[in-house]
Each structure stands twice: as structure tokens, then as C-alpha cells.
Amino acid sequence: NAGVTQTPKFQVLKTGQSMTLQCAQDMNHNSMYWYRQDPGMGLRLIYYSASEGTTDKGEVPNGYNVSRLNKREFSLRLESAAPSQTSVYFCASRTGLAGEDTQYFGPGTRLTVL
Amino acid sequence: SQQGEEDPQALSIQEGENATMNCSYKTSINNLQWYRQNSGRGLVHLILIRSNEREKHSGRLRVTLDTSKKSSSLLITASRAADTASYFCATGPIPSKIIFGSGTRLSIRP
């Protein structure tokens, strides 16, 4: 099993450009998450999907959109990138079953917006 | 503001010593989790403690939870160089919405 995979690993954008970060998991998990981590900081929740077909805002959703394409895939879109969105983006998943709360993380996408 | 806040922000200890870091949170919880992040990597789950538990052990890790004070502590005993990492607590106001604290950066000196 690959676990949680993210593409791309690195990306450089110019201000105003758009892009989509891809995330996929092969663990048959119900819940998926997108976090951002700024240098020297903790993770902040952008959006999450408790189950296929649902998405909800986290702590810092402004400037982002998400799509839960199917049970495996959860994408994050930046419509008009800004330098403040320079960060490392982590995708995570969990089973979503009651009492099973461990999250499994992908390796991250390092995004720089110039 | 974040659900969990760790204290201290940074900790440097000698190899072999014990490391203690604390987490405070704001809302009622079902459980609280601790994760480790090595530099430049994703997070790895360490241990979960449920709201009806007061203490839990896993190898050299010991976690306590005080729901009346809305706080938790993580103790790493007999530290090793490989323990150098950032440590985060995570919890959430609802089961699906998991929010992380700001983290404690732990450095182990040889």
C-alpha cells in the first residue's frame, strides 16, 4: 500500500496563477484533510471531508477550494495564488469510524508563490 | 486561534534526560493525540488518549490527560538523538475536525 500520496512534491507559481494539489489514499478511509504548515509553525486546517460527498471549512479556508472527487481522492485548488499562500501543504486521511482517529499523512507539497 | 497550544515552544535537553511537553486545548474532546514531525517530513502518529483515560503508556512515551484543566502532557523518557523532532498535539471540537497545536521543537544534545 502506498498510503497517502501527494502530487506535485514541489511547485513554484507566480502571483495570480492557479493550480490544483492532488491527494490520494489507498486505505479505504472515509475522511480526508488538507493542512498548511508555514515555516516554524504548526499545521492549520484548510478544509476537510468527513466522508465522500461532503466537505467543510477548517481554520483557514479563504483562497482555497476543494473537491472530494471520490473516496480515494481529495484535491485542493488555489484559484489565484498569493505570496501569503507560500507554505507546505499536507494531505491526511483517517478511517472516519468512531473511535479510530489516527491520521495518516502524505509527504507534503512545497509551494512557493512569487 | 488554534485548538491546541503546546508549551514550551522549544526544548533542548541532554541525551538520556527526560523531556516533558504540554498541550492545552479549548473545547470538550473525545480524545487527544500526539504526533511527531521530523524536519521536512509529514507527521507520524505517536499515541492517542481518550477523554475517559487519565494516563497512557507506549514504550518510552507517557501521556497524561486532565479534562478538568483541558490539558495534556507528553513525557519522553531516556531521550535519544533520534527523538529530535517537533511534537504536536491534536484534537477537535467534533470528531471529524482535527486541529493541531503550534508544536514543541525538541532538540537532543549528545
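The Cα center of region A:76-114 and the Cα center of region B:1-55 differ in position by 20 Å.
With loop defined by DSSP as not H, G, I, E or B, and exposure as at most 16 other Cβ atoms within 10 Å, which is the longest segment of chain B clear of exposed trypsin sites (Lys or Arg not before Pro)?
B:81-110
Through the Karplus equation 6.51 cos²θ - 1.76 cosθ + 1.60, θ set to phi - 60°, convert the phi angles of region B:10-22 into ³J(HN,Hα) values in whole Hz; use x for Gly and Pro. Whole-Hz 3J(HN,Hα) from phi for region B:10-22: 9, 9, 10, 9, 7, 4, x, 7, 8, 10, 10, 10, 10. For chain B, a simple Cβ point-charge model (Lys and Arg +1, Asp and Glu -1, everything else neutral) yields a dipole of about 220 debye relative to the Cα centre.
Summing Cβ point charges (Lys, Arg +1; Asp, Glu -1) relative to the Cα centre of the protein assembly as shown gives a dipole of roughly 200 debye. Straight-line reach only, C-alpha to C-alpha below 26 angstrom: list the lysines that A:Lys9 could link to, leaving out same-chain residues fewer than 8 apart. Once the sequence-local lysines are set aside, what remains near A:Lys9 is A:Lys57, A:Lys71, B:Lys97. When every Cα-Cα distance of region B:31-83 is counted in 5 angstrom steps from zero, the calculated P(r) takes the values 5, 18, 29, 22, 16, 8, 3, 0 percent.
A full extension of the chain between A:Thr20 and A:Ala98 corresponds to an added length of 25.0 nm, given 0.36 nm per residue minus the alpha carbon distance. Computed over every Cα-Cα pair of chain B and binned at 10 Å starting from 0, the pair-distance distribution P(r) comes out as 15, 51, 29, 5, 0 percent. Here the ratio of the Cα radius of gyration of the protein assembly as shown to 2.2 N^0.38 Å is 1.01.
With the charge dipole of the protein assembly as shown set up from +1 on Lys and Arg Cβ and -1 on Asp and Glu Cβ about the Cα centre, the Cα lying farthest toward the positive end among the listed residues A:Ile46, B:Thr20, B:Ser102 is that of A:Ile46. Relative to its Kirkwood radius, the Cα radius of gyration of chain A gives an Rg/Rh of 0.95. Could you pull out the longest piece of chain A with no exposed loop trypsin sites (Lys or Arg not before Pro) in it, calling a site exposed if DSSP puts it outside H, G, I, E, B and it has at most 14 other Cβ atoms within 10 Å? After excluding every exposed loop site, the longest remaining stretch is A:15-114.
Site pair A:Leu114 and A:Asn70 shows an inter-label distance of 3.7 nm when each label is modelled 7 Å from Cα along Cα→Cβ.
Whole-Hz Karplus values for region A:67-84 come out as 9, 8, 5, 6, 5, 7, 10, 9, 10, 10, 10, 9, 6, 9, 4, 10, x, 5 Hz, taken residue by residue from phi with 6.51 cos²θ - 1.76 cosθ + 1.60 and θ = phi - 60°; glycine and proline positions read x. Inter-label distance, A:Thr54 to B:Ser68: 3.5 nm, where each label sits 7 Å from its Cα along the C-beta direction. The calculated FRET efficiency for the pair B:Glu55 and B:Asp7, based on their C-beta separation and a Förster distance of 22 Å, comes to about 0.70. Here B:Leu75 and A:Asn62 are evaluated by their C-beta separation; at R0 = 30 Å the FRET efficiency comes out at 0.20. Ordering A:Asn62, A:Met27, A:Thr112 by Cα displacement along the dipole of chain A toward the positive end leaves A:Thr112 in first place; charges were set at the Cβ atoms of Lys, Arg (+1) and Asp, Glu (-1).
Averaged over the residues of A:31-41, the number of partner chain Cβ atoms lying within 10 Å of the residue Cβ comes to 3. Return the inverse of the average 1/r over all pairs of distinct C-alpha atoms in region A:55-114, which is the Kirkwood hydrodynamic radius, in Å to one decimal. Across region A:55-114, the inverse of the average 1/r is 13.3 Å.
Readers should treat all values here as calculations from the given coordinates under stated rules, not as data from a laboratory. Predicted, not measured: the structure shown is a model, and the values here were computed from it. Here the Cβ is made from the backbone with ideal geometry for all residues, glycine too, and neighbour counts use every protein chain on show.
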